[in-house]
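The values are calculated or read from the model by the stated rules, or taken from the named source; none is laboratory data. Since this is a predicted model, take the numbers as computed values, not measurements. Cβ placement follows ideal geometry from the backbone for every residue including glycine, while neighbour counts extend to all protein chains displayed. The area values use the complete protein model at the heavy-atom level, side chains included, leaving out ligands, DNA and RNA. Shrake-Rupley method; radii C 1.70, N 1.55, O 1.52, S 1.80 Å.
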Amino acid sequence: MKICRYNDNRLGIIAGGDIVSVTPALELLSRHQYPLPVFDPLVTDLGRVRRHIDEIKGRGARMPLEKAKLLSPVANPGKIIAAPVNYQKHLEEVLGDPNLHNDVRINHIQRAGLFLKAASSLVGAGEGVTLRMPERRNDHEVELAVVLGKTASRVHRSRALEYVAGYCVALDITIRGPEERSFRKSPDSYTVLGPWLTTADEVKDPDGLELQLYVNGQARQRANTRDLILDVPALIEFASSFYTLLPGDVIITGTPEGVGPIQAGDVLHASVQHLGAIEVKVDAPDSPTSSALPYP
Ligand code: MN
């Protein structure tokens, strides 16, 4: 099943080139009181929600996909966990480029560990990327995103895929520079997830998916997730050995070679095999950037 959020917090499934509204299924979600949970209620209740969707989808209003504004398929992830350099060719690319490699933390992933992006950086494909510091170099990174479906702690890789709710295409937008990764990668809109959540039953092997990214129609990144240094089960094992993963937590698995700069006015087209494609506009900041943050 391909489940999307769109327009004003509507819920839909993808059928051909259409979105079929199944918004009433949101009424099934468990109600939560303060203090609110740090997991995503829709992903937590996904089994029940899917059964209800199957009952009501025949009555849902249809609209053409291209008329919808797609939101992030996961609204409330507790954590966005990100893999640093996780493709061998990208590691070589980073080590060979002084623009990219002014960071002593560039290292093999097993030594570098994982990092977190602010949940407030998350948007859907229809919301676009708004550059925060256009005077700095901002780069695109296309990645496979894994959405956890169950609480997972110290999971062995042999069972890791049992904990996955589904997969998405992700963009990990990055300001280059000397600061901590999580700082440079967490401005609003710097994590794009979409176009929808493809449930795990539709993806037999997450470690054999083609992914690609175009900027204004020009190919920039093309790779296959079989070349991940830590594959999806190994990433879940690694992450869950350090912290408990909760339903709705997102793991973005790292980007392959070909990262490059983006500018206001660009249109990014990113796709992962079986998961669909996102088209994302890059906008200038809404208001002039303060120069309060000095950067040599
Ligand atoms: Mn990345």
Within the range 231-293, strands (runs of 3 or more DSSP E) holding 3 or more residues that are out of contact with any helix residue (DSSP H, G or I) (no Cβ under 7 Å at 6 or more places or on another chain) and away from the ligand (no atom under 16 Å from the Cβ): 267-272, 276-283
Which residue is farthest from the ligand (Cβ to nearest atom), if the candidates are limited to the range 157-168 and must be more than 17 Å from Leu42 (Cβ to Cβ) and in contact (Cβ under 8 Å) with a residue 24 or more places away in the chain? Ser158
Given the conditions (1) among the basic types (Lys, Arg); (2) modelled with pLDDT under 95; (3) more than 14 Å from the ligand (Cβ to nearest atom), which single one is not true for Arg154? (2)
Those residues that are in contact with a strand residue (DSSP E or B) (Cβ under 7 Å, 6 or more places away or on another chain) and away from the ligand (no atom under 16 Å from the Cβ), I need them from the range 133-150; list them, please. Met133, Arg136, Val147, Leu148, Gly149
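Taking the criterion of being farther than 23 Å from Asp283 by Cβ and open to solvent by less than 10 Å² (accessible area, probe 1.4 Å), would at least one residue in the range 116-123 satisfy it?
no
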Options Ser189, Ser271, Ser240: the member that is modelled with pLDDT of 95 or more and farther than 25 Å from Glu66 by Cα: Ser240
Answer residue from the range 175-186, given it is open to solvent by less than 20 Å² (accessible area, probe 1.4 Å) and touching a residue at least 40 places away in the same chain (Cβ under 8 Å) and is farthest from the ligand (Cβ to nearest atom) among those: Gly177
Gly177 passes all but one of the listed conditions (1) in contact with a strand residue (DSSP E or B) (Cβ under 8 Å, 6 or more places away or on another chain); (2) within 30 Å of Pro285 (Cα to Cα); the exception is number (1)
Pairs with Cβ under 6 Å, 6+ apart, first in the range 136-155 and within 25 Å of Asp40 (Cα to Cα), second open to solvent by 10 Å² or more (accessible area, probe 1.4 Å) and within 16 Å of the ligand (Cβ to nearest atom): Glu141/Val259
When (1) surrounded by fewer than 19 Cβ atoms within 10 Å (Cβ to Cβ); (2) closer than 15 Å to Glu210 by Cβ are applied to Leu275, the one that fails is (1)
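Does the range 208-215 include one or more residues that are outside any strand (DSSP E or B) and farther than 21 Å from Gly265 by Cα?
Looking only at the range 208-215, we keep the residues that are outside any strand (DSSP E or B), and these are 208-209.
Now restrict to residues that are farther than 21 Å from Gly265 by Cα: 208-209.
Checking the range 208-215: at least one residue is outside any strand (DSSP E or B) and farther than 21 Å from Gly265 by Cα.
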Looking only at the range 216-230, how many residues end up being assigned to a strand (DSSP E or B), among the polar types (S, T, N, Q) and over 18 Å from the mean Cα position of the chain (by Cα)? 1
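Given the criteria modelled with pLDDT under 95, in contact with a helix residue (DSSP H, G or I) (Cβ under 9 Å, 6 or more places away or on another chain) and not acidic (Asp, Glu), does Arg176 qualify?
Working: modelled with pLDDT under 95: yes; in contact with a helix residue (DSSP H, G or I) (Cβ under 9 Å, 6 or more places away or on another chain): yes; not acidic (Asp, Glu): yes.
So Arg176 fits the description; yes.
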Would you check which residues across the range 1-44 are without any contact (Cβ under 8 Å) to a residue 40 or more places away in the chain and under 20 Å from Val203 (Cα atoms) and list them? Gly16
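Is it fair to say Tyr190 is under 15 Å from Asp283 (Cβ atoms) and either in contact with a helix residue (DSSP H, G or I) (Cβ under 7 Å, 6 or more places away or on another chain) or polar (S, T, N, Q) (or both)?
On the way: under 15 Å from Asp283 (Cβ atoms): yes; either in contact with a helix residue (DSSP H, G or I) (Cβ under 7 Å, 6 or more places away or on another chain) or polar (S, T, N, Q) (or both): yes.
Yes: the conditions hold for Tyr190.
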Quick one: which residue in Lys79, Lys69 is of a type outside the set (S, T, N, Q), within 16 Å of the ligand (Cβ to nearest atom) and under 19 Å from the mean Cα position of the chain (by Cα)? Lys79
